1. Modelling each spin label as a point 7 Å along the Cα-to-Cβ direction, I'd like the Met432/Glu370 distance in nm, to one decimal.
2. Would you please put 275-287, 150-162, 55-67, 74-86 in order of how densely packed they are, using the mean number of other Cβ atoms within 10 angstrom per residue and starting with the highest?
3. Starting from the amide H of Asn255, placed 1.01 Å from N in the peptide plane, find each other amide H under 5 Å away whose residue is 5 or more places distant or on another chain.
4. Residue-wise, which Karplus ³J(HN,Hα) couplings in Hz belong to the range 99-108, taking 6.51 cos²θ - 1.76 cosθ + 1.60, θ = phi - 60°, and x for glycine or proline?
5. Sort the following peptides by mean Cβ neighbour count (other Cβ atoms within 10 Å, averaged over residues), highest first: 199-209, 221-231, 185-195.
6. Using alpha-carbon positions, what is the distance between the centroids of the range 117-149 and the range 15-74, in Å?
7. Using θ = phi - 60° and the Karplus relation 6.51 cos²θ - 1.76 cosθ + 1.60, list the HN-Hα couplings for the range 409-421 in order, rounded to whole Hz, with x at every Gly or Pro.
8. Leu40's amide H: which non-local residues (gap 5+, or another chain) put their own amide H closer than 5 Å, with H modeled 1.01 Å from N in plane and none for Pro or chain starts?
Amino acid sequence: MAYRTKYNPAFGEIGAHVSQRWPEKKIINQKGKQEHTLGLTLSGGGYRSAIYNYGILKGLFEIGVIGKIDYLSSVSGGSWIATPFSMSNDLGWFFHDIPTHPNLIEEGFESLLPNPARVIQEAVLSRKNINYISNIFGRLLAKTFLREHGQKSRYIPMADKTMIKEKDRPFLIANGTVNYRSPDSFSVTQECFEMTKLYSGSRSLGYIHSKDLMAREKPLRIRDAIAISGAAVAFHLPALGGEVAGFGLSREVVNYAKEVKSRANVSETHHLDLSDGGFYNNLGIESLINRGCGYIIVVDAEHDKEEKDDTSSNQDYHGLTTLLKRHHIHTALGEQVIDQLNEVNKPLHVIDGPEGIPDILYIKLKSYDEFDDFAQNKPYNKPGFLRNLFAKGTFSFDPQFSTAKLDYDFTEHRNLSELGCFVVKKYKDDIMKFVERSK
């Protein structure tokens, strides 16, 4: 695929015809949408986001709507589960659940970063270069989430036609953040960087075939994409030659746009710094706006403050607030919508946009009374001896624990994934009606 400056000059236009301007048009055509396409976003939020979104996907699979969704846009922790979901050979196996044993996502987390032997092993095997730390991170993520494909998961190119599937599921867009400078400026510009099996890039820099995007020495691999999307621990500073220096888990790629005069005017830089999609926006909505989706299901699994407050949902809506400040993004999400979303004990809201604005179905990560009643008698929530001894026998579940928490126990894992699935099934009728709007 030749370099292109942009695919969608009329950013914000909605309708099924917009997807025909993108390379995935043959894939989207298989869904048969004539009027509007439907997108699903899985937000960032680290481990808790991946676990909760696993439950959301499981619920959507079980009520039979996964195949009706056109696009899946993921960020950070959302990409950690969206990618293996999109690569799984058998979704029935992927979502198989035994009440007393860890499921796929839980089993993976149990052996992720807390295992120092694995970290040392991946450090030894990783090539020492500018992307060394990010490479270790990517290898750990591949072994955790892509283990259905064994050792091969470390080396699969993003452009491999056999790995990321879309016949019975949406077209995957994993979102990172590109950080760059204009030649005469020290300020760092950030933009949503989209990675798919067909192409990668951003609206200002343009797009290139994913097989031609070089993560330094090698073409972009699937593990590189999920490491980029979920590289929360990173920061960026202006560097020499008009470049941006990334530190931490960020990734340098060869600047595919430097020979072409682009709107962003970054032709002097040799490399681009890519980092967590949450640095630009943690909800993943922009990629769906860019592709003209008329209907968007948003799963907001961000980390929020942990104080109890029975008068509101007690959430910060950081990603949503950031989105509202970007005036070039036209959505149904006006400032007043946060008051609506703050309703207690209601995790799902349908927000109807005016003409030319997408309709939004917004799902929040927040436990509520009905789920607590359902879950408290589950076997994994039975109080043990020590909990009873210290008067901690009553079921208590607050999913707003830290994004970076490493010592998740089985109960926390299971309650998070169960919560996601419970919300989908509880609101099945609302979700089905919303999905059917997209025709």
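1. 1.5 nm
2. Numbers: 275-287: 28.1, 150-162: 15.4, 55-67: 20.9, 74-86: 30.3.
Sorting 275-287, 150-162, 55-67, 74-86 by mean packing, highest first, produces 74-86, 275-287, 55-67, 150-162.
3. Hits under the 5 Å cutoff: His271, Leu272.
4. x, 9, 10, x, 7, 4, 6, 5, 4, x
5. On the way: 199-209: 23.1, 221-231: 29.3, 185-195: 17.9.
My ranking of the peptides, most packed first, is 221-231, 199-209, 185-195.
6. Value for the Cα centre distance between the two parts: 29 Å.
7. 3J(HN,Hα) across the range 409-421, in whole Hz: 9, 4, 4, 5, 4, 5, 5, 5, 5, 4, 4, x, 5.
8. Correct list: Tyr71, Leu72, Ser73, Ile297.
Any read-out appearing in this document is the output of simple, stated calculations on the displayed coordinates, not a laboratory observation. Keep in mind that this is a model prediction, so the values were computed, not measured. Because the Cβ atoms are built from the backbone with ideal geometry, glycine has one as well, and the counts that use them run over all protein chains shown.
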